[in-house]
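Working notes, beginning with the structure itself.
The values are calculated or read from the model by the stated rules, or taken from the named source; none is laboratory data. Model, not experiment: these values are computed from the prediction. Virtual Cβ from ideal backbone geometry, glycine too; neighbours counted across all protein chains shown. We work out accessible area using only protein heavy atoms, side chains counted, and drop any ligands, DNA or RNA first. Shrake-Rupley method; radii C 1.70, N 1.55, O 1.52, S 1.80 Å.
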Amino acid sequence: MVQPPSAPVHEPQALRGDYSQAAADYTVEQQWQNYSEDDHAIWALLYARQIELIQRYAAPEFLQGVRALGAASTRIPRFDDANRVLADTTGWRIVAVPGLIPEQTFFDHLAHRRFPVTVWIRRRDELDYLIEPDVFHDFFGHVPLLTIPAFARFMQAYGEAGPKALTIPGALAMLSRLYWYMVEFGLMSTPHGLRVYGAGILSSKGETVYSVESPQPHRWRFELLRVMRTEYRIDAFQQSYFVIDSFEDLFAACYNTDFAPIYRRYAAEPAIAPDLSVTGDVAVPVTGSMKM
Ligand SMILES: [Fe+2]
């Protein structure tokens, strides 16, 4: 038995998952047979309302990943099925976990091409908002892009970057912002306009539309240092999104940069508020985003 991690939320709360059966690396068995009919029905409801939206709003690579996984629309996926697809595409696999896990363990899983997916699904009164990630967010939002080699390489590099960030005060917050903005809330420029690839957006009905259509938020061209210095909100739609041209560019920008001098220079400085614009920001227009 392992100790559950403390919840990284502003209001501390007990984590929902059952950590009593977890191994030292926080993995558990999915125990698919234990999902209730209502669990599957909640998956089906969430899936049905997102699958249509993402045809319009998701990046082509994400849609390609969804097709490759071929997950059933009416049943919570069996992780073993997804792992056969992942093995053939990128060599990644998903591992079942009870919920949030400590950063160090999370980094280690990613560095070894294992993505932790929470086993439980949200309740019906939480369809639109959830504090902890559940199987719908983790699987529907994250797993499709793990079939895409360029994105999969970025995720592995992110995991490999973790240990250094854990040794420099303030560095973890900066590295976490890279994950927040570029893995959870990333947008991509495509020939057809802005598209979404971030898991936090694509597992949320409201933010999928808002992130591309709303005139309210900033949409800045991706710049590594800017992202690592920008605070984020966990309790509302984002006030700033960052836009990449391709996963290759994202990977190259991060992989070719030594983060240690960045941590040392900026970790002790105040972060940039999420609604601000700063010198050097390049706004990405939404115009024409919905041309098909
Ligand atoms: Fe996530």
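Quick test of the membrane-span-like rule: which DSSP H helices of the chain reach at least 27 Å along their long axis (C-alpha atoms) with mean Kyte hydropathy at least -1.0? Walk me through the intermediate numbers first.
On the way: long enough: 37-57 (30 Å, -0.30); 149-167 (29 Å, -0.06).
TM-like helix candidates: 37-57, 149-167.
Calculate, for the range 52-208, the solvent-accessible area per residue in square angstrom, rolling a 1.4 angstrom probe over the heavy atoms of the protein chains. Don't skip to the end; give the middle numbers.
Values: 5790 Å² over 157 residues.
Averaged over the residues of the range 52-208, the accessible area is 37 Å².
Can you tell me the Rg and the Dmax, both Å, for the Cα atoms in the chain?
18.2, 54
Quick one: compute the contact order of the range 125-210, relative version, from alpha carbon pairs under 8 angstrom and 6+ residues apart, as a percent. Write out the running numbers ahead of the final one.
Working: 62 pairs, mean separation 26.8, N = 86.
Answer for the range 125-210 is 31 percent.
Could you work out the helix-only [θ] at 222 nm for the chain, with each DSSP H run of four or more residues adding -39,500 (n - 2.57) and the total divided by the number of residues, to the nearest 500 deg cm²/dmol? Before the final figure, lay out each step's value.
Values: 11 runs with 114 residues, N = 292.
Helices in the chain give a 222 nm mean residue ellipticity of -11500 deg cm²/dmol.
Tally Lys/Arg at +1 and Asp/Glu at -1 over every other residue whose Cβ is under 9 Å from the Cβ of R16; what's the total? Intermediate values should be presented prior to the final figure.
Numbers: positive: none; negative: D18, E132, D134.
With Lys, Arg at +1 and Asp, Glu at -1, the neighbours total -3.
Using a cut-off of under 15 Å, list every residue of the range 130-167 whose amide N is near the label point 7 Å from the Cα of Y255 along the Cα-to-beta-carbon line.
Counting only backbone N, you get 148-161.
So if I take the centroid of the Cα atoms in the range 26-74 and the same for the range 231-292, what is the distance between those two points in Å?
28 Å
Compute the relative contact order of the range 214-277 as a whole-number percentage, counting only Cα pairs closer than 8 Å that sit 6 or more residues apart in sequence.
On the way: 50 pairs, mean separation 30.0, N = 64.
Once divided by the residue count of the range 214-277, the mean separation gives 47 percent.
What is the distance, in nm, between label points placed 7 Å from the Cα along the Cα-to-Cβ direction at R124 and at E248?
The answer from the label model is 4.9 nm.
Count the net charge of all other residues whose Cβ sits under 11 Å from the Cβ of W92, scoring Lys and Arg as +1 and Asp and Glu as -1.
Values: positive: R93, R113, R114, R153; negative: D88.
Neighbourhood net charge equals +3.
Considering only DSSP states other than H, G, I, E and B, which chymotrypsin sites (Phe, Trp or Tyr not before Pro) in the range 104-196 qualify as loop sites with at most 11 other Cβ atoms within 10 Å? List each step's numbers first, then the result.
Numbers: sites: F106, F107, W120, Y129, F136, F139, F140, F151, F154, Y158, Y179, W180, Y181, F185; in loops: W120, Y129, F185.
Passing sites in the range 104-196 are Y129.
Can you tell me the relative contact order of the range 118-174? Whole percent, Cα pairs under 8 Å, sequence separation 6 or more.
On the way: 20 pairs, mean separation 11.9, N = 57.
Computed over the range 118-174, the figure is 21 percent.
Extension gain A48-Q239, at 0.36 nm per residue separation less the Cα-Cα distance, in nm? Before the final figure, lay out the partial values.
Working: separation 191, 0.36 × 191 = 68.76 nm, distance 2.73 nm.
Extra length available between A48 and Q239 comes to 66.0 nm.
Keeping the other protein chains in place, figure out the carbon and sulfur percent of the accessible area of the chain, with a 1.4 Å probe. Don't jump to the answer; show the numbers that get you there.
Values: 6970 of 13490 Å².
C and S fraction of accessible area: 52 percent.
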